[in-house]
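The values are calculated or read from the model by the stated rules, or taken from the named source; none is laboratory data. All of these numbers come straight from a predicted model, not from anything done at the bench. Note that each Cβ is placed from the backbone with ideal geometry, even for glycine, and that neighbours are counted across all protein chains shown. Heads up: the accessible areas ignore ligands, DNA and RNA and are worked out on the full protein's heavy atoms, side chains in. Shrake-Rupley method; radii C 1.70, N 1.55, O 1.52, S 1.80 Å.
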Amino acid sequence: MPNFRATQSLCPVCLERIPAGNVIYDDRVYLEKKCHRHGDFRALVWEGPPAFSGWQRSKIPTHPRYPGHAREKGCPFDCGLCPQHRQRSCTIILEVTDRCNLNCPICYADAQGRAHDPSLETIDRWFAAATRTGPGSNIQLSGGEPTLRNDLPQIVDMGRRAGFDFIQVNTNGLRLAEDEAFVRELKNAGLASVFLQFDGTADAIYRKLRGRPLLAAKKAAIDRCARHGIGVVLVPTLVPGVNDHDIGNLLRLAVKRTPVVRALHFQPMSYFGRFPHPPEDTDRITLPRLMRAIEAQSDGAFKAVDFKPPGCENSLCSFSANYLVLPGGHVRAIAGEGKCCSPPIPALEGARSAIDYVARQWRAPGKNVTEVSPATIPLNADPKGAIDLDAFIQRARTHRLSVSAMAFQDVWNLDLERVRDCCIHIMAPDTRLVPFCLYNLTSRSGKRLYRV
Ligand SMILES: [Zn+2]
């Protein structure tokens, strides 16, 4: 009898809640489930070291102070959040437009089209709601492609006035690359960070995933952010066989572009939308596989053992590590700052620590990052090799790189125990907060659970 961890999931066909479990076979772990009408399903969720059992961290839950929905049908049908939820928001995502200037084959938001953007009054109500249900959260403005709104700087300003200190825009970077005045306006409005879709270091990857060569535009977007003191998080969507060979190049590019690049945040492909056949094991890049690929493709510069489970969301959802980037591009792992305490971690403490860490690490250091470039900090300026301590300390403040990953869940591998620990929440148009994975979840035929 293999090891078993009980949970619940949804049937990929009828979206009914069904019993499920993580079943451990040696070094592979599957989510297995059965629908009485539609049969058995299984999805690979973990493979190889670090061991599944040793990775998990128990938490002391925190429940919503202002639930957005009563408990009626039970998780995951009462999101709002409901009283069963076990973690507060650490990031609240506001979708400020459905329009997009790309037509990506892999878009989870399925952004094709409602022509009408939510009004500024509506978005102001969203911020007001967020100050009540998720006070102090980090805010991500998303879409669609949020930079298509000319009033995006006003939205950033509204968020700052509502009291949110860290506001980030999730973008493909095309407008940032072209429109310097717009980037300046965003900075002046108080934008801290750009969550830049950045799938690889070769145009062949963009052609495949986004339908167009985009590398030059992405690099121009990074340059503009550097010039205006906006931190950049590079976010590759990893798809097996398309860009999982490019992980080492992405790491090298991120290192080279510190300090404007603050983080490299991998998102293994999830299967939202219409997928008539269950994804195969080979369609999945599990977190442990990714940790090992990072080590292998960086020739051991970044090590799998550097990575730690999160203190905020469920352990099975992410990993992260922090590095000091030394002259010449060498990296040294440094103690995580987003982590608190030893298990069981009070969920609220984990959330506070993660909010604070992201707000500091994902924004640009100092006033103007272009003042500090590797070439201007000769760590070994003294010919005898003595370390210039002032330069070292200055560098340690700025040249930090976070490397992390988040594994989203789709209808095939959905684990409701994990969902209840979720801290990345999308605000629905009626101001209810819904975990990211549930908001985007679809059945096999594309039927949506939440997104309208
Ligand atoms: Zn079913």
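Could you please give the count of residues in the range 289-329 that are under 24 Å from Arg86 (Cα atoms) and part of a helix (DSSP H, G or I)? Summing the residues that are under 24 Å from Arg86 (Cα atoms) and part of a helix (DSSP H, G or I) in the range 289-329 gives 3.
So which of Leu102, Leu81 is aliphatic (A, V, I, L, M), more than 16 Å from the ligand (Cβ to nearest atom) and in contact with a Ser or Thr (Cβ under 9 Å, 6 or more places away or on another chain)? None of the other options fit; the residue is Leu81.
Among the residues of the range 18-41, those identified as open to solvent by less than 40 Å² (accessible area, probe 1.4 Å), over 25 Å from the mean Cα position of the chain (by Cα) and within 16 Å of the ligand (Cβ to nearest atom) are Ile18, Ala20, Lys33, Cys35, Gly39, Phe41. When Leu94, Leu15, Leu44 are checked against the criterion of being crowded, with 19+ Cβ neighbours inside 10 Å and either within 16 Å of the ligand (Cβ to nearest atom) or among the hydroxyl-bearing types (Ser, Thr, Tyr) (or both), a single residue qualifies: Leu15.
Do you know which residues across the range 29-58 are modelled with pLDDT under 95 and touching a Gly at 6+ places or on another chain (Cβ under 8 Å)? Answer for the range 29-58, where residues must be modelled with pLDDT under 95 and touching a Gly at 6+ places or on another chain (Cβ under 8 Å): just Arg57.
Of everything listed in (1) near the ligand (Cβ under 10 Å from one of its atoms); (2) within 26 Å of the chain's Cα centre (by Cα); (3) not polar (S, T, N, Q), the single unmet condition for Pro49 is (1). Is it true that some residue in the range 147-156 is open to solvent by less than 10 Å² (accessible area, probe 1.4 Å), under 15 Å from the mean Cα position of the chain (by Cα) and modelled with pLDDT of 95 or more? No, the range 147-156 contains no residue that is open to solvent by less than 10 Å² (accessible area, probe 1.4 Å), under 15 Å from the mean Cα position of the chain (by Cα) and modelled with pLDDT of 95 or more. Of the residues examined, Arg175 is one that is within 21 Å of Ala221 (Cα to Cα), in contact (Cβ under 8 Å) with a residue 60 or more places away in the chain and over 21 Å from the mean Cα position of the chain (by Cα). Has the range 53-61 got any residue that is away from the ligand (no atom under 16 Å from the Cβ), in a loop (DSSP other than H, G, I, E, B) and over 26 Å from Arg289 (Cα atoms)? Checked against the condition, which is being away from the ligand (no atom under 16 Å from the Cβ), in a loop (DSSP other than H, G, I, E, B) and over 26 Å from Arg289 (Cα atoms), the range 53-61 yields at least one hit.
Within the range 5-16, residues that are in contact (Cβ under 8 Å) with a residue 24 or more places away in the chain and closer than 15 Å to Arg42 by Cβ reach no partner that is among the aliphatic types (A, V, I, L, M) and open to solvent by 50 Å² or more (accessible area, probe 1.4 Å) with beta carbons closer than 8 Å at six or more positions or on different chains.
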